[in-house]
4 protein chains.
Amino acid sequence: MKLSGIIGYPITPFSDKGQIELNKLSDMIDILLTAKVDAIAALGSAGEAAYLSDEEWKAVAQHTVKHLAGKVPVIIGIAELTTENAVHKAQYAHQIGADAIMLSPFSYYKLSEREIFQHYRTVAEASPLPIMIYNNPATCGVDMSPEFMLRMVTDIPTATMIKESTGDIQRMHKIHALSGGNIPFYNGCNHLALEAINAGASGWCTAAPCLIGQKPKHLFDALKQGKSEQGAALFYEMYEFLEFIVSSGLSAAVKSGLALQGHNMGSPRKPLLPLTEGQQNRLQTMLTKLV
Amino acid sequence: MKLSGIIGYPITPFSDKGQIELNKLSDMIDILLTAKVDAIAALGSAGEAAYLSDEEWKAVAQHTVKHLAGKVPVIIGIAELTTENAVHKAQYAHQIGADAIMLSPFSYYKLSEREIFQHYRTVAEASPLPIMIYNNPATCGVDMSPEFMLRMVTDIPTATMIKESTGDIQRMHKIHALSGGNIPFYNGCNHLALEAINAGASGWCTAAPCLIGQKPKHLFDALKQGKSEQGAALFYEMYEFLEFIVSSGLSAAVKSGLALQGHNMGSPRKPLLPLTEGQQNRLQTMLTKLV
Amino acid sequence: MKLSGIIGYPITPFSDKGQIELNKLSDMIDILLTAKVDAIAALGSAGEAAYLSDEEWKAVAQHTVKHLAGKVPVIIGIAELTTENAVHKAQYAHQIGADAIMLSPFSYYKLSEREIFQHYRTVAEASPLPIMIYNNPATCGVDMSPEFMLRMVTDIPTATMIKESTGDIQRMHKIHALSGGNIPFYNGCNHLALEAINAGASGWCTAAPCLIGQKPKHLFDALKQGKSEQGAALFYEMYEFLEFIVSSGLSAAVKSGLALQGHNMGSPRKPLLPLTEGQQNRLQTMLTKLV
Amino acid sequence: MKLSGIIGYPITPFSDKGQIELNKLSDMIDILLTAKVDAIAALGSAGEAAYLSDEEWKAVAQHTVKHLAGKVPVIIGIAELTTENAVHKAQYAHQIGADAIMLSPFSYYKLSEREIFQHYRTVAEASPLPIMIYNNPATCGVDMSPEFMLRMVTDIPTATMIKESTGDIQRMHKIHALSGGNIPFYNGCNHLALEAINAGASGWCTAAPCLIGQKPKHLFDALKQGKSEQGAALFYEMYEFLEFIVSSGLSAAVKSGLALQGHNMGSPRKPLLPLTEGQQNRLQTMLTKLV
């Protein structure tokens, strides 16, 4: 499997009572397909995976794979506090036919590299799926250096991809330079998309297509085709929006935006709150310009 | 209830297969009682609460209250990603007869003050137990200012205590100064104990008595009785040890130390690892001097 | 004046006894002209301006303007602790015929925006030269936000350009987005060159041409001409070198590199030290590949 | 020489035209003597040393030593960008009869430990005066670890004291623990005074006695005499004030406070600005309570 392009994040739709609504999840996935995403990453930050019970998590994973039915590859996000739970979920992802897992080391106690390495290796030994090493210290509480992640790529056969979400472009330069450009890396920071793609990122993992359709795909394609001026213009057109959905909370922002567009996918799970009215108005103004 | 003095953290004993061993938990609690702790805080960081299933968590909470049988007050730590789970645990803590809860806002998405406040208020409305607001950004991923925590104390009737674990003594000065010395605060940072108590902390939450007996209690009493020179000497005697158990991971360090003292309480749950041999040797040297 | 392209930093040559050598400064400037720089920025970090006496500073400024004789524009760096000294230097720069000044707020006490604004306005009122607002918190000890710098551009008529050296590409996106692309900004962080130019930077201020000739100019031109793939390839070719000269100290690195290339320009002024032997060997290896 | 107790910082009085007024400097020093300071540290942050010309610096140093005439020891602060200038000032301090120098590594380029060590050793070889190693990264732009400073104490015979101004009490615990309590250390962070003295600091370097008389001395004495409750009460009485003069800029705050008390010592040198009216009102309220 060679992942590239736009990797779309679906949110997880809830009913007013907070129950997962699988039929609306189908709608969500169809919106992403219409936005021409090249793959789907289920159960990431946008999907509120951290706030789901194990049963809910499995239902979302299974439904996503089933609904997509191979139209584009599916990556399943796994961010568990215990290695045992990560193993179970990696096995489940394989069992239901997912294409890869996106594995990050969620932490309560800060983890050492020794502990993180063991976590990845144990998961890798339990499931044959390709692993995208996912570094997102802002949500997961632990940071992995480019050097360390590349060592895992070398030492763990199925760890073949890296996703970087620190927002520091130097990390990507390091990954590219140290690997001789041979290890595919992915951008997980929306407002870093321009430089990440220019720096050689194979893909951009983003929830933006949930709200603004094919624009992220157009940006990716323009830059990969050498249309750098057009790419920069597209990026600046989206810039305020991209920064907004990150700084106001991806799940809350996307769910509010979907509601503004007529898709009621519910509120994020508490303690997360929907956008304030002021934020919703700002988002409405941005969407009006972009869509 | 007026909590003061040494609030001891038990670790959670596991068998070689990773199962909780309640009889050893009794031993653990007895070790703390022998160390003259003034209260027990179950299911904190040292207790690996974040790594337990709901059933395990309940078993530990219940057994702790039952085994203590009122000898000293029991505080139950609650650090949940969802408000719903926090509510369930707060209700359970009340149901089994715990004396208070120690509530911290565990986060995946960074939480706003609006979200944190709502989390605390919802839990407070669901359980009559007194709440110790617990700020520990290093493990919980979200920081609360003294001003914000004091606002919660004012607005939420059962939120009556504050535990500060940032390691920044200025936070305690702020709490003391802004509240006119009227809100009890507790220290959760072992190597800050000397200044925290001198700054007016009502108590010190610590796992140190698991390994070094009554020394923490002696330090607390010396300082509260105005024996500042003796207190400082006791603190410096323990200083390297206090810093070590924090920097090497509280649960791993205490479990290794207990093993060195003949109490096999198992290893921390993966991905957490036991101390390395080098760290164990260093700990042995420190314990030999202190015990 | 519309500055664009590569703005080269000369170092300040010293004799073995630590005296400035103006004839070698001419050689240094000629090296930069051969490297096809579009302008010269004298007395920046690379020029060790902070370590020169007032007389030395003036001698370097005057000699640079005179030797260039209008071949390319000259910008004079000014980073003074007192406003009075900054005013004197700005007046001197005008008097000798420099084209612009690059003004940064060097600090001992942290400065408020109120203090920084007054500093810039006072200098602007004392000298008619265009001002490049220069933000470099790592050396100058004070950080200026994009919003604040743009406010100064609006309120101070001669403040027309911004140079950003934090290394955070988001600052440049903010400047571009908030100004509608109308305020020229310049990159002062070598290993950020690829994304800075792609983000719309008008120029790249760099000492790299002192050692690697026209390569930085080729990178700039390739990217501005839409040859993004060639640009990225050039950037990665230089990447390790660009990062090395920043992390090992610009002045020390460039002077060591010049010595390796047969130009003895002396050592940096103490407490600054020349590169260690190990660093020199690393630099030699990089230069062999690049030149 | 064994320095201990309150080490008072005089500010540097300026006329309305910005000239140094030596007769008012005498008044300033007399105010500190009336406040029972145990030593005077001239030309520190409060003295705006960084903003003086060499001639002004020398005039202040000489006048301070002369006016004090041995009543209490004088320490002269030296924070120079070049080693050569630091050497000259250290020699001058010795020549005029100062008792010690307080040496910090002011930086433009970040300095390595190799560079800082060489700086200290060169100064030590040029002047026989005892050296207080002074760590203040917030103003000087470079941080020195306890371990590194203790290594300099070991390797440089005249480097016998350490002053810590990071505001992190753990640094003092480290210095005390690693040196077995044998190296005198001093607190330079006003709102850390309570814990610094309790942690074993030999002295407290402060400008507070310029405005609030003997209160700092009373705090120091109370804590050293084991009256910890009285000491804590005194500290909290001063706490808001101590934090205010640091956060609003020591020199600006003290000069404004002196003016409120009838001593016109002028304004800080630009770009530094006097307190705003709102800040002055706040300071007046605090002084009314304290004096």
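At a glance:
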| read-out | value |
| --- | --- |
| Teacher prompt: A:Asp16 distances to equivalent labels in other copies, 7 Å Cα→Cβ, nm | 5.7, 7.3, 8.9 |
| Chain D: relative contact order in percent, alpha carbon pairs under 8 Å with at least 6 residues between | 19 percent |
| Exam field: A:Gly278 pseudo-label spacings to other copies (7 Å along Cα-Cβ), nanometres | 1.7, 5.1, 5.2 |
| Top positive-direction residue, dipole computed over region C:189-240 with Cβ charges, set C:Leu211, C:Leu192, C:Phe235 | C:Leu211 |
| Cα gyration tensor, region B:135-291 - rounded (a/c under 1.5), prolate or oblate | oblate |
| Estimated 222 nm signal from helices in chain A, with DSSP H stretches of n ≥ 4 weighted -39500 (n - 2.57), rounded to 500 | -15000 deg cm²/dmol |
| Given charges at beta-carbon only (K, R positive; D, E negative), |dipole| of the protein assembly as shown in Debye | 0 debye |
| Protection proxy ranking, peptides D:277-285, D:87-95, average beta carbon neighbours within 10 Å, highest first | D:87-95, D:277-285 |
| Nearest-first distances (nm) between copies at C:Leu33, label 7 Å from Cα via Cβ | 6.4, 6.6, 9.0 |
| Other protein chain Cβ atoms within 10 Å, averaged over every residue that makes up D:244-253 | 1 |
| Environment charge at B:Gly180 (Cβ cut-off 13 Å; Lys +1, Arg +1, Asp -1, Glu -1) | -1 |
| C:Leu290/C:Ser4 FRET efficiency (R0 22 Å; Cβ-Cβ; nearest 0.05) | 0.35 |
| Residues D:Ser247 and A:Glu243, FRET efficiency given R0 of 25 Å [Cβ-Cβ distance, rounded to 0.05] | 0.25 |
| Dipole of chain A, positive end: most advanced residue of A:Ala35, A:Pro10, A:Ala46 [Cβ charges, Cα centre] | A:Ala35 |
| Estimated FRET transfer efficiency when R0 is 22 angstrom, pair D:Glu113-D:Leu178 (beta carbons, to 0.05) | 0.85 |
| Cβ-based net charge around C:Gln214, under 11 Å, with every Lys or Arg adding one and every Asp or Glu removing one | +2 |
| Size of charge dipole - region A:14-68 - debye, nearest 20, with Cβ of Lys, Arg +1 and Asp, Glu -1, no other charges | 140 debye |
| Estimated vicinal HN-Hα couplings, Hz - region A:7-19 in sequence order (Karplus 6.51, -1.76, 1.60; Gly, Pro = x) | 10, x, 9, x, 7, 9, x, 10, 6, 4, 8, x, 8 |
| In region D:1-84, the chymotrypsin sites (Phe, Trp or Tyr not before Pro) that fall in loop regions by DSSP, at most 10 other Cβ within 10 Å | none |
| Rounded to the nearest 20 debye, dipole of region A:116-221 from Cβ charges on Lys, Arg, Asp, Glu | 140 debye |
| Quotient of C-alpha Rg and 2.2 N^0.38 Å, computed over region D:83-204 | 1.01 |
| Cα gyration tensor category, rounded, prolate or oblate, for region B:1-114 with a/c compared to 1.5 | oblate |
| A:Asp155, D:Asp30, reordered so the largest accessible area comes first (probe 1.4 Å) | A:Asp155, D:Asp30 |
| Test item: D:105-114 mean partner chain Cβ contacts at 10 Å | 6 |
| Estimated distance in nm for a label pair at B:Arg151 and C:Ala69, the labels positioned 7 Å out from Cα along Cα-to-Cβ | 6.7 nm |
| Tensor-based shape of the protein assembly as shown (alpha-carbon gyration tensor, a/c under 1.5 rounded, otherwise prolate or oblate) | oblate |
| When chain C is reduced to its Cα atoms, the Kirkwood hydrodynamic radius in Å | 19.0 Å |
| Per-residue mean of C-beta atoms belonging to partner chains within 10 Å, peptide A:268-277 | 6 |
| Karplus 3J(HN,Hα) series, Hz, for region D:37-49 with 6.51 cos²θ - 1.76 cosθ + 1.60 (x for Gly, Pro) | 5, 8, 6, 10, 10, 7, 6, x, 4, 4, x, 6, 4 |
| Residue of chain A whose Cβ sits closest to the axis mapping A onto B, with distance in whole Å | A:Gly141, 3 |
| Spread of Cα-to-Cα distances over 5 Å intervals beginning at zero, given as percent, for region C:11-70 | 4, 18, 33, 28, 12, 5, 1 |
| Net charge contributed by nearby residues that have their C-beta within less than 14 Å of D:Lys163 (K/R +1, D/E -1) | -2 |
| Which listed pairs, of A:Lys36/A:Lys224; D:Lys24/D:Lys71; B:Lys24/B:Lys255; A:Lys217/B:Lys110, have C-alpha distances above 20 Å, in listed order | A:Lys217/B:Lys110 |
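The values are calculated or read from the model by the stated rules, or taken from the named source; none is laboratory data. The shown structure was predicted, so the numbers you read here are calculated from the model rather than taken from an experiment. Cβ sites come from the backbone with ideal geometry, for glycine too, and all protein chains shown count toward neighbours. The protein model used for the area step is the full one, side chains on, heavy atoms only, and it has no ligands, DNA or RNA in it. Shrake-Rupley method; radii C 1.70, N 1.55, O 1.52, S 1.80 Å.
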